[in-house]
Structure formats: C-alpha cells, structure tokens
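Student: Quick one: structure below, then a few questions.
The values are calculated or read from the model by the stated rules, or taken from the named source; none is laboratory data. Just so it is clear, the structure is predicted and the values come from calculations on it, not from any experiment. A quick note on method: Cβ atoms are made from the backbone with ideal geometry, for glycine too, and the neighbour counts reach across all protein chains shown. Just the protein is used for accessible areas: all its heavy atoms, side chains included, with ligands, DNA and RNA removed. Shrake-Rupley method; radii C 1.70, N 1.55, O 1.52, S 1.80 Å.
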Amino acid sequence: MQRSHRTSGGKRRLLGAAATAALLIALLPGTASGQTSDPDPRIGLGGGWLDAQSASGNLDLLAHRDKPAGMVNPANPGDFGFVSSDLAFGGNHAFVGNYNGFNIYDISQPANPTLVTSVVCPGGQGDVSVFGNLLFMSVEETRGRLDCGTDVTTGTRFQGVRVFDISDVTKPVQVAAVQTCRGSHTHTLVTDPDDKANVYVYVSGTAGVRPATTMAGCNNTPAAGDNPARWRIDVIKVPLAAPQQAAVVNNPRLFADPQTGAVDGLQNTPPAPTHPSGGSWSPSPVTDACHDITAYPELGLAAGACEGNGILIDISDPANPVRIDEVSDPNFAYWHSATISNDGKKVVFTDEWGGGTGPRCRETDQPQWGANAIFDIVDRKMHFASYYKLPVPQTLQENCVAHNGSLIPVPGRDILVQAWYQGGISLMDFTDSAHPREIGYFDRGPINPAASVLGGFWSAYWYNGQVYGSEIARGFDVLGLKPSEHLTAAEIQAAREVQVPQLNAQSQTKIDWAPSFAVARARFDQLARTCTTSITNRHNGPLTVSGVTCLDGATVSGPVTVRPGGSLLAIDSSISGPVSAANAAAVHLYGSTVRGPVSITGTRGSAAIVKSEVSGPVVLTGSGTGSVEPIVADSTVRGPLSCSGNAPAPINLGAANRVSGPATGQCANLD
C-alpha cells in the first residue's frame, strides 16, 4: 500500500500452465468484501483541488493531466457546467466527455498523454462513444444548441445525440444531430453481427419531456395517455456510409406489462416511504426511463439499469429490443449502470444513491446502500448473489457512491475496475459472485476538506494495458496495475496482451486470449492459490497426489502418482522417479527435472510441461481440456514424445522442444 502527496505524473515464483476457467472458478476461495489493511491508508488523506494527498494499493498513478482551459471554472472546480464525464477510446486516443464539450488525448505513450484538441460544445452531460471515425455525444440540457454555440439566448435548441466525424482528430466536425424528446443522458452503441452497414444507438433520456414547440410529437401525458414520451427508450439507426442520415427508428416500450400492455409495467412507486437509511430516496426509484444500458451484441444480450429496476434485454434484433427479465431491490435508490461478465453468466448493477452528488460512503452507510449488486444469469434470468461496497469510509465532504467501471481482461477471472467519485477507484474481484472482494485501489483526499465540492472519478476503464480515469474536477488520469498477492505479474501481462481497436464500456465485446506464456502462467498462478499440500524441501519416498499438491523448489526421492481428480503443480523442483497421472484435474511441470518417464492420461483440467527436463519418454493422451490447449514447450525430453487423442491438441507456444527420440502423433511438430 502506498501513500503520497503527488498528483501527477508474490511470494510464490511465477511459472504457469493452462487451466480451464471452470476449474479455476470452482477452486478459487471465496472472500468477503471489505478486506483492507488496518488502518486503511485512504483514511485521513489531506485535501485540496490539485494538491491533495493520495493513497494506492496495487495501482500506480502513471500520469495526471489537469482539465484544459475552457473545460474548467478555476473559481469553482465543481461547477456543473464544466464537469468531466464519461470516457471512450479509439486507437491511440482517449475521448473525455465534458458538460461543455469533449477533449481528445493522444495516449500512444500512456505515461505521457498529450492533449490533441478540445471541442467546446455545451449541453451536458457529454457522455461520448466512438465507432470507427465517428464520435457520438449525449446532450440533455436545454442550453444545448444545434450548432454547438455558447450563447443560450439564441440558436436552435438541441437535446439528443450529436455525431462527429473524427477522421481528423485535430478537427472534429459535427455531421449529424438527432433530436429526442427527453434528450440523451446516456447512450449505448449497439452493433448487429449480421448488419455491417449500420450501427444503432440506444438513447436513455431522463430529463423532463420537451415541449412540442421545440420538438414535434413530444408530450408529457400520463402512462395511459396517447403515446407518452416517458416509459421508453429511443433507437437511432446510423448508416455508417452516410451518418448524416442518422434518425430515430423505434421507441421501444421496455417497461410494459406483457399481460395488460400498460407502458408503466415496472416499479412505479418506491418500495417504502423512505430509503432504508431513513432519508429520502434521492433519486426516487421509479421506472420511466433507463439511466444506462450495457449491450453485449455477440450474446444478443443487454442489461439495463432503469431507475427502479434492473432488466435483461434481448437485442438479437437491435432495432427491436425486448425485455426478457427484470429485478428490483428495496435497498436500491437508483439503478444506474451495468457490466456483464465476459462469459455472460453474471451482471453487476450499480446504485447511484444520492445521484452522485452526496456523500454516501460514510461510516454509518450500510454495505448494501449505494453499492453494486451482483446477479448470476441462468437461462437468461437474474438471481441475486451479493452486494459489494467500497470497503473504506469517506468523509462528509466527499461525494461517493458506486459509478462507472469496466472489466480487466484477466483470463479465468472476473475483475471490475470502478469509479466511486471521491471514493476513488476500486478493483473488485467478483469471480466468486457470492463473495466479491477488493484487490486494489487509488484515492485522493477531498477537494475541499471544509466543504462539499463536486468531484472524484466519473469513470475508470481498462484500455489496452492501463487504467484511465475521468476525474470530474481535476482532469485525466492514467494508472498501471502492480503485481501483488491478489494479481500476479503474469495475470497483468495476460490482460495487457488483449488489444482492442476501440472501447466503449457500455458496448461490450467478447474477450478472447491468444495462447501465450503469460496466459498459461496466469492460469498456473490462479491454480497455485488453491494448494492443499505444499512441499518446499525434501520428500523421501513415493508421493501420491490428491487435492492440489504444489512442489516449490522441492526434491522428491521417488515416483509421483497423481490420483483421479488430483492436481500436481511443480515449479523449480526435482523428481527422482516417474510421474504418472490418470484422469487428473491438472498436471504442470515448470522449470523442473524428472528422472524417469512422464505419463499424463485423461486430464480434464489442464496439462503443461514447460522449461523442464524429462529423462525418459513423455506420453500425453486422451486429455479433454476444453478451450485450453495442453502445452509442451521449451523442454528437453530424453526419449520419445508421443501425443494422441487430446482435445484440443498440444501446442508449444512457438518454443520448440529438444526431443532425443521420435516426436509422434499430435506432438510431431513440437520439436
């Protein structure tokens, strides 16, 4: 853990092998939320706008850039007219939304981001998304002008979604502006795997309904009235070859009662007169709009955080989304945002109790208030698993509540990096959905220790190797992960190897990991956390393995037999005798010596022989390890190497083996 004044700027040896994600989830121990050091370095941090103290755990602040001129009010850092909002990424650029426009940073050198340009275009809230050479921007305030002008007394009013051409990032040009009846608080880009010519934008408008004098067709009638502008979302279709033709093509009634057809079919009153804390609901959890929708087109699924409810949506036809499940929670004041796990089996919803402007991480606030709620998704139905709340109290001068985050692509694990406003950034491991835990953080002291000033992280997202943060009052931050007992160097490297051309956190794409030494080592490290027996010195005589037996710098004088369902993890160890495993869960030999043959048959979890020496034949047969290939790499085999009937076939990660006998079957090309 670290504590510093600057504002800019494992125990087990790491070797690895591949293990299936299912095995890892089954073996990882559950740990309760709220694990922190005592006392937590985040408590008592000195405040200040640009000179506050900071504290970090397993995250390093690599760079900070103050908000540029025109995007900040120096006399009032928390001025709502200049709030830094959401982030999007494309190529080597980060796009930072602002209530007064947006900023573009060159992040080709993450530790030294440079401002490319600032675009003044008032209208709040300024959330941005990027698709190819197009940038989309949400506008919800009545001060918005169609032409981005700053004089609110003149010009055509605009509330909706702007579209900019960013082919030249130094000179973005607005090419379309689609008006909507409630503006756009947020929006979500949705692609259709079967339609490459168009992209869809789901618009979540939460502002009051505009008068028909500013947009024809808008009306504020009750739910039973004629086509009310509430209780719906808007779907914009954008032809990529002609974005100027972007237009609303549907207004889906995602909250309708399927039996009666009533458009207000979900939560229409708070679950109790007051919030469980005894205060007002702030905001009130009444479902007449979605605050945020997160889409996962490859699964045909979206999760909507819709004020009073969390919903699942079938988006297999993007222009016609359909609600398929809904949940409510008496502790949730305002369903705000959602993140779906990479395998689509979990969803994390956030509760923006207090609307983001209040201190909701006080010592007296319960862990289920203003928190994350984690649900398992089974047959497209949601089942509550647990809550997660920032595990350290914040002061009364710090607005703090759950806010925006994204997945960190560590293979075999579900990890969310998340903004908590002036609560800072927290890394949440929710691999075990019933026992989420914090594994890292970064925090600063309050902007003003004597008074409440709006600030803190609006968003914290992982993009191509680093964490980027949009800080409401202070600017733009870049942070790097540090190895720890919670996250090894191999796991971090495996995550960094996942490179994507763009990132919009509310438009999730499937993460795949190419086979590599880092990925294999990451999976090994995860399995090594589950050791039931550890040997670090000499073991005389035969060794029979059941459970998870770990040899770390050990010497075994005798044969090793791995029982069905058992796992052997050997690192920098020596075995004087044969190694045999039949129907084992996993067998890994890393940097080890075996004076005898190795026979691995019917492995169901993972198998790997890496940088090892075997004095005898190696036989690898009948392993069924799912999507994770068995590995025989950079090893010396003093005898034949025979592989057959393995699914998938073994690989060598591009590191040939030295085999003194014939290499046959599936291993014919691994020498």
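Student: Once you have all Cα-Cα distances for region 298-379, histogram them in 5 Å bins from zero and send the whole-percent values.
Tutor: Reading upward from the zero bin: 3, 15, 25, 22, 16, 10, 6, 3, 1, 0.
Student: Name the aspartates and glutamates eligible as straight-distance cross-link partners of LYS482: C-alpha to C-alpha under 19 Å, and not fewer than 8 places from it in the same chain.
Tutor: ASP40, ASP60, ASP414, ASP429, GLU438, ASP443, GLU491, GLU497, ASP525
Student: Please list 3J(HN,Hα) in residue order for region 586-599, calculated via the Karplus relation 6.51 cos²θ - 1.76 cosθ + 1.60 where θ = phi - 60°; whole Hz, with x for glycine and proline.
Tutor: With coefficients 6.51, -1.76 and 1.60, one gets 7, 9, 9, 10, 10, x, 10, 10, 10, 8, x, x, 10, 10 Hz.
Student: In terms of the Cα gyration tensor, with a ≥ b ≥ c the square roots of its eigenvalues, is region 346-425 rounded because a/c is under 1.5, prolate because a/b exceeds b/c, or oblate?
Tutor: prolate
Student: Let me ask something else. For region 103-120, take each phi angle, set θ = phi - 60°, evaluate the Karplus expression 6.51 cos²θ - 1.76 cosθ + 1.60, and give the result in whole Hz per residue in order, putting x for glycine and proline.
Tutor: Karplus-based 3J(HN,Hα) across region 103-120 equals 10, 10, 10, 7, 10, 4, 10, x, 7, 9, x, 10, 6, 8, 6, 10, 10, 7 Hz.
Student: Determine the share of the chain's accessible area contributed by carbon and sulfur atoms, expressed in whole percent, with a 1.4 angstrom probe.
Tutor: 52 percent
Student: Against the globular-protein guess of 2.2 N^0.38 Å, express the Cα radius of gyration of region 515-567 as a ratio, rounded to two decimals.
Tutor: So the Cα radius of gyration is 1.24 times the expected 2.2 N^0.38 Å.
Student: Could you pull the accessible area for SER573 with a 1.4 Å probe, rounded to 10 Å²?
Tutor: Accessible area of SER573: about 10 Å².
Student: For region 64-117 and region 168-210, what is the centre-to-centre distance using only Cα atoms, to the nearest Å?
Tutor: 20 Å
Student: Shifting gears a bit: With each run of n ≥ 4 DSSP H residues scored as -39500 (n - 2.57), what mean residue ellipticity at 222 nm is computed for the chain after dividing by its residue count and rounding to the nearest 500 deg cm²/dmol?
Tutor: Roughly -1000 deg cm²/dmol at 222 nm, from the helical runs in the chain.
Student: While we're on this one: Can you tell me what percent of all Cα-Cα pairs in region 218-349 are more than 26 Å apart?
Tutor: 27 percent
Student: Does region 541-664 come out rounded, prolate or oblate by the C-alpha gyration tensor, with a ≥ b ≥ c the root eigenvalues, rounded set by a/c under 1.5 and, if not, prolate when a/b is larger than b/c and oblate if not?
Tutor: In terms of gyration-tensor shape, oblate.
Student: Taking only protein heavy atoms and a 1.4 Å probe, what accessible area per residue, in Å², does the chain have with all protein chains in place?
Tutor: I get 35 Å² per residue for this part.
Student: In percent, what relative contact order does region 397-493 have, based on Cα pairs under 8 Å that are 6 or more apart in sequence?
Tutor: Once normalised by length, the contact order is 25 percent.
Student: Based on the alpha-carbon gyration tensor of the chain, what equivalent-ellipsoid semi-axes (square roots of 5 times the eigenvalues) come out, in whole Å, largest first?
Tutor: Taking √(5λ) for each eigenvalue gives 49, 26, 24 Å, largest first.
Student: Quick one: Debye curve from the C-alpha atoms of region 446-599, no solvent, what's log10 I(q)/I(0) at q = 0.18, 0.19, 0.21 Å⁻¹?
Tutor: One equal scatterer on each Cα of region 446-599 leads to -1.04, -1.11, -1.25.
Student: Continuing with this model, one more query. How far apart, in nm, are two points set 7 Å out from the Cα along the Cα-to-Cβ line at THR213 and at LEU396?
Tutor: Placing both labels 7 Å beyond Cα along the Cβ direction yields 4.4 nm.
Student: Name the lysines eligible as straight-distance cross-link partners of LYS381: C-alpha to C-alpha under 16 Å, and not fewer than 8 places from it in the same chain.
Tutor: Counting by Cα, and skipping residues close in sequence, LYS381 has these lysines nearby: LYS345, LYS346.
Student: Then there is this: Where Lys and Arg each count +1 and Asp and Glu each count -1, what net charge lies around GLY124 among other residues with Cβ under 10 Å from its Cβ?
Tutor: Residues near GLY124 contribute -2 overall.
Student: Here's another thing I want to ask about it. Sort region 114-224 into rounded, prolate or oblate with this rule: let a ≥ b ≥ c be the square roots of the eigenvalues of the Cα gyration tensor; rounded if a/c is under 1.5, and if a/c is not under 1.5, prolate when a/b is larger than b/c, oblate otherwise.
Tutor: oblate
Student: Sum up the charges of everything whose Cβ sits under 13 Å from the Cβ of MET71, counting Lys and Arg as +1 and Asp and Glu as -1, but leave MET71 out.
Tutor: Net of charged neighbours comes to 0.
Student: Under 29 Å between alpha carbons, and skipping anything fewer than 8 positions from LYS171 in its own chain: which lysines qualify?
Tutor: Within reach: LYS67, LYS196, LYS237.
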